[in-house]
Amino acid sequence: MTITTRFAPSPTGYLHVGGARTALFSWLYARKHGGKFILRIEDTDLERSTQESVDAILQGMTWLELNYDEGPFYQTHRFDRYKEVIQQLLAQGDAYYCYCSKEELEQLRTEQMANKEKPRYNGKCRVCAEPITGREPVVRFKNPVDGVVTIPDLVKGDIVVANKELDDLIIARADGTPTYNLTVVVDDMDMGVSHVIRGDDHINNTPRQMNILKALGAALPQYAHLPMILGADGARLSKRHGAVSVMQFRDEGYLPEALLNYLVRLGWSHGDQEIFSLDEMINYFDLNDVNGSASTFNMEKLLWLNHQYIMNSEPAHVARHLSWHMGQLGIDPSEGPALVDVVKAQRERCKTLVEMASVSRYFYKEFDAYDEKSVKKNFTTGSDEVLAQIYHAFAALEIWEGEQLHQIVIDLAERLALNMGKIAQPLRVAVCGSAVSPAIDVTLSLLGREKTLSRIKRAIDYIQR
Ligand code: GLU
């Protein structure tokens, strides 16, 4: 049997990190077993589904590089097939038309509530459906009345539900459109899904779906219901806890691998290892090791991981992502040093790529103003003279290289009997606009001769103005 998993989001918003974790676990499980991973867009709720949201899901999957082997399949393209299955269930006596009106159902509900009973359909039309002219019926599935359904859940263990707890659910609305539980069942069956990995908010649907699958004579998939992700306050993770959309993490400067690494550890562990390459994740991942209880999203830890990835990934890879952030700041990376060298210079100090882009601006663009504090501290009486001397020494340099630049600063410090800082700091402010930058030789070699010299000049004018 080919292990086949699927990620089946409803396109009614952005791709939430909880959804991304479901996608990741499904993807890992398929990859681990050399199986197939399918993307299915569950867009039958025409009122809530939007193209924008489909695009956001696809964009999120692409950014995370969770590549799918089949799909995206769209449920709205499969209405004929759902109709066929509904007809099949009707024909074999496993479904029936129901003509009960909204008012009747409402009244039934009120009565049941008054009697402290669980509100559920009483099966009236199951026994005798009487067509009512002018009223389009819904179709209900004939759920077994006796016995139990046992979900052999790979994460939570066996979950047993009595059939009498499940009423005859609607599988086609009065307008003929199929409902969620029917479409999922038909698709999982047709697409040969062997493992349904999804959020545990779907546990209530599972026994109903299993009953429909049984009625269709289909093989039952294995189920793994993943616990929810909570915010620090114990409530379900939502916007008010900070970023929750996958693309927002990109916008805030996270690397996709860092987010994947963070997500894989949310509810899954392998000893006390924290950092996993994709290959390691694929090798070690198993549904049996997924924790059955909810996990809490910890932004601090994600930030720490992101920094680890920024520091330890191939600089060229980090540079590719940094390039996008530079573009967001209106910076053209061709107007300055190779991004890969910027990454090497800045990676220790930057926990996000947004930070890295912002502190690397001056390599590419003139800064508008000096940082006031840095000016006060470092542009003092005589610093114009120091800068003038540096200017001449730099201008005479034949090769613009860190080592020589560094030597000039050392020599000058010696000649003027000043400590290094008295030279390097005004120089930093002159070329970067503030006193914070990588080592001065690195900064200057990245900046290049032209920008360095013109900025030193600008600083001298500024001090003397
Ligand atoms: N479309 C459902 C959702 O977005 C998921 C259905 C499933 O995984 O079975 O929650």
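Would you confirm whether or not the range 197-205 contains a residue that is touching a Phe, Trp or Tyr at 6+ places or on another chain (Cβ under 6 Å) and crowded, with 19+ Cβ neighbours inside 10 Å? Checked against the condition, which is being touching a Phe, Trp or Tyr at 6+ places or on another chain (Cβ under 6 Å) and crowded, with 19+ Cβ neighbours inside 10 Å, the range 197-205 yields at least one hit. Evaluation of LYS102 against the conditions (1) modelled with pLDDT under 95; (2) at positive phi; (3) within 43 Å of the chain's Cα centre (by Cα) shows that the sole unmet condition is (2).
Residues that are open to solvent by less than 30 Å² (accessible area, probe 1.4 Å) and among the acidic types (Asp, Glu) number at least 3 in none of the helices (runs of 4 or more DSSP H) confined to the range 219-311.
Among the residues of the range 231-243, the ones that are within 14 Å of the ligand (Cβ to nearest atom) and touching a residue at least 40 places away in the same chain (Cβ under 8 Å) come to 0 in all. Which of the residues spanning the range 1-25 are within 9 Å of the ligand (Cβ to nearest atom) and more than 15 Å from ARG48 (Cα to Cα)? Hits for the range 1-25 are ARG6, PHE7, ALA8, GLY19, THR22. Pairs linking a residue in the range 131-143 that is under 12 Å from GLN87 (Cα atoms) to a residue that is charged (D, E, K, R) and open to solvent by 20 Å² or more (accessible area, probe 1.4 Å), with Cβ atoms under 8 Å and 6 or more positions apart or on different chains, are ARG140/ARG126; PHE141/ASP94; PHE141/ARG208.
Residues in the range 191-230 that are within 16 Å of VAL85 (Cα to Cα), touching a helix residue (DSSP H, G or I) at 6+ places or on another chain (Cβ under 7 Å) and more than 12 Å from the ligand (Cβ to nearest atom): 5 in all. The C-beta contact set for the range 436-448 (first residue closer than 8 Å to PRO337 by Cβ, second residue among the β-branched types (Val, Ile, Thr) and modelled with pLDDT of 95 or more, distance under 8 angstrom, 6+ apart or interchain) comprises LEU446/VAL342; LEU447/VAL431. Filter the range 172-182 down to residues that are more than 15 Å from CYS100 (Cβ to Cβ) and surrounded by 16 or more Cβ atoms within 10 Å (Cβ to Cβ) and give me whichever is nearest to the ligand (Cβ to nearest atom). The qualifying residue nearest to the ligand (Cβ to nearest atom) is TYR180.
The values are calculated or read from the model by the stated rules, or taken from the named source; none is laboratory data. These numbers come from a predicted model, not from an experiment. Ideal geometry is used to build each Cβ from the backbone, glycine not excepted, and the neighbour counts take in all protein chains shown. Just so you know, the surface numbers come from the protein's heavy atoms only, side chains and all, with ligands and any DNA or RNA stripped out. Shrake-Rupley method; radii C 1.70, N 1.55, O 1.52, S 1.80 Å.
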